[in-house]
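Take a look at the structure set out below.
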Amino acid sequence: MRLLPVLDSTRASAHHGAPAGESPGEPGSLGASLWEPESDQVASGTPWERRVYFEVFGCQMNKLDAELMLAALEEEGYRLTSDPRDAGVILYNTCAVREQAENRVFSRIGTLRRLKSKRPDLVIGVLGCSAQNHREAIFDRHPEVGIVCGTGEFLRLPELIQTARRTGRVAALDLSRSPVFTRTRNLGPSPFQAYVSVMRGCDQACTFCVVPRTRGKEVSRPVREIVEETKALVQGGVREITLLGQTVNSYGKRLAKGLAIGLEHVLHELDRIAGLERIRFITSHPRFMRPGLIEAMAGLDKVCEYLHLPVQSGSDDVLKRMLRTYTADHYRRVIVECRERIPGFALATDLIVGFCGETEAEFQETVRLVEEIRFDGAFIFKYSERKGTRAAEMSDDVPEDVKRDRNQILLKLMERIMLECHRERVGAVEEVLVEGPSKLDPKRLTGRSRAHRIVVFPGTVEEGLVGKLVGVKITGATPLVLVGERAGEGR
Ligand code: SAM
């Protein structure tokens, strides 16, 4: 039986770039096709206390966690409903990266107070990063909440729901053991695309970032486990996988004594799986872009020529205050090497404007870096102070209107660069994995090129091309989309 839809509540406030990555501002769905409603009748045939309304905020890792949570719930007979008023359980998988996303969840929860007072048996759960971050304090501020469950214990959800019903409140916040899961089928983002976690947690100490606090220490999954899971997914029809990790290219730490295993080893193993067509990985850290990984991207057929490599700032002083552990020149050198070695290489990045003490001159260094590198896509964020981070002890002294202006300047610059980059693709044939109908025009299909560019071309779902690889000759371009004509059959 299929699950019913899960709302993906992520909204982009300052995102720019078709080659989207795992950034917290990225819009997208949890996978319309697989999460498509069979019908709400499925849920209405289920007892009220097992009907679940679920919303997910944030990055791909949150979406994957949500899939795993829902699979655990489904096994225990829970079914999704699209109407919170119809649900016996209301769950939010949260994002703590920026204040705005967090506020949105908590104001949503506030609106449930009346519903909860009318139906005391209703269980409301705050899950994931914000739960891990604010812990039991959530119960004090939101007495309607019955479950606070962090990023380490979410597979216990069915049991936690029962406990909350019995006792009113339960918290599960242990981060010391990372969740062990084996997945035998794909739950998203589509029947032919899947996320595969290769590691959990983060060992970096970036001063702005709350993630190490919400997801704990880095733990890599053994290569064998990743390969087995991918093989099972491919047998179930998956053609493209995206490997997930907070700093995915630091994969392998503490995995095997005396053995240096890196992400490239995983890529080599996965590249051999028959039936798998594309391998992506997000998000990488500039410090771990080692030659072996660049070689793997250059040499392995299935590994796409797309890298999401957050630079955050073009100023060495800002990078130092952020504790990013590299300089702008190091970043430049990595990109020169990637461009030399990897044909068709495409690059997306994350940028933060208005970080503590960012002067106009430091911001201009970022502008110059963007001009120089000419990213294919960028996620641009206004710095948001997060309690518990090292940067929260510094002064968040760049005024909001200055942050907004800097944000706009980079967005405009990226729009121009992306249009120029896209125009260079006109005349080329792109291999597109077709994802479905265009949202704006049902007579057109949309998909992604290997370099993660959105490509739109004439066609309808009835032609049976969704999930297939199709050659598309590019005839036009906008900053976000390539437009083309079919060049050959789908396969
Ligand atoms: N782990 C990745 C890395 O270190 O490069 C990125 C993870 S983070 C969830 C995604 C992006 O959110 C970051 O690259 C950064 O640009 C942005 N971000 C993180 N914390 C932020 C904050 N406090 N304010 C604004 N943007 C933030």
Theoretical FRET efficiency, 1/(1+(r/R0)^6), r = Cβ-Cβ of Arg119 and Ser176, R0 60 Å, to 0.05:
0.95
Once amide hydrogens are built 1.01 Å from N within the peptide plane, the residues lying 5 or more places from Leu243 or on another chain with amide H under 5 Å from its amide H are Val196, Arg280, Phe281, Ile282
Can you tell me the convex hull volume per residue for region 329-451, based on C-alpha atoms, in Å³ to the nearest whole number?
167 Å³
Just in region 113-205: which trypsin sites (Lys or Arg not before Pro) are loop by DSSP and have at most 10 other Cβ atoms within 10 Å?
Arg177
Can you run phi through the Karplus equation (6.51, -1.76, 1.60; θ = phi - 60°) for region 368-377 and list ³J(HN,Hα) in whole Hz, with x for Gly and Pro?
5, 4, 5, 4, 6, 6, 6, 5, 7, x
Mean ellipticity per residue at 222 nm, deg cm²/dmol - from DSSP H runs of n ≥ 4 across the chain, formula -39500 (n - 2.57):
-9500 deg cm²/dmol
So how far, in whole Å, is the C-alpha centre of region 225-254 from the one of region 73-112?
27 Å
For region 50-127 the translational diffusion coefficient, Stokes-Einstein from a Kirkwood Rh over Cα pairs at 10 °C and viscosity 1.306 mPa s, in µm²/s, is roughly 122 µm²/s
If contacts are Cα pairs under 8 angstrom and at least 6 residues apart, what is the relative contact order of the chain in percent?
12 percent
Region 392-451: trypsin sites (Lys or Arg not before Pro) in DSSP coil with no more than 10 other Cβ atoms inside 10 Å
Lys439, Lys443
Beyond 19 Å, the calculated P(r) of region 95-159 holds a percent of Cα-Cα pairs equal to 30 percent
Viscosity 0.890 mPa s, temperature 25 °C: what is the translational diffusion coefficient of region 190-304 from Stokes-Einstein with a Kirkwood Rh over Cα pairs, rounded to a whole number of µm²/s?
169 µm²/s
Take the Cβ-Cβ distance between Thr460 and Val426 as r, set R0 to 25 Å, and report the resulting FRET efficiency rounded to the nearest 0.05.
0.55
Past 26 Å, Cα to Cα, is the threshold; run Lys63/Lys473; Lys231/Lys302; Lys231/Lys443; Lys116/Lys439; Lys302/Lys443; Lys217/Lys403 against it and keep the listed order.
Lys63/Lys473; Lys231/Lys443; Lys116/Lys439; Lys302/Lys443; Lys217/Lys403
Length added when fully stretched, Lys439-Asp316, from 0.36 nm per residue minus Cα-Cα
40.1 nm
Can you pull the semi-axes for the chain, root of five times each eigenvalue of the Cα gyration tensor, sorted largest first, whole Å?
34, 28, 23
Figure the gain on full extension for Thr359 and Leu300 (residue separation times 0.36 nm, minus the Cα-Cα span) and round it to one decimal in nm.
17.0 nm
Rg and Dmax [Cα atoms of region 144-224; Å; Rg one decimal, Dmax integer]
15.4, 43
Loop GluC sites (Glu not before Pro), region 92-182, which have at most 12 other Cβ atoms in a 10 Å radius of their Cβ (DSSP):
Glu136
Label Arg169 and Asp401 with points 7 Å out from Cα along Cα→Cβ: what is the distance between them in nm?
4.3 nm
Arrange the following residues from fewest to most other Cβ atoms within 10 Å of their Cβ: Leu233, Leu323.
Leu323, Leu233
Equivalent-ellipsoid semi-axes of region 270-394, from the Cα gyration tensor, Å, largest first:
30, 16, 12
Gain in span if fully extended, Glu340 to Ser82, counting 0.36 nm per residue against the direct Cα distance
88.0 nm
Roughly how many Å is it from the Cα centre of region 122-136 to that of region 289-306, as a whole number?
38 Å
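Every number here is computed from the coordinates shown, using simple stated rules; none is lab data. Just so it is clear, the model here is predicted, and its values are computed rather than measured. Positions of Cβ are generated from backbone atoms using ideal geometry, with glycine treated the same way; all protein chains shown enter the neighbour counts.
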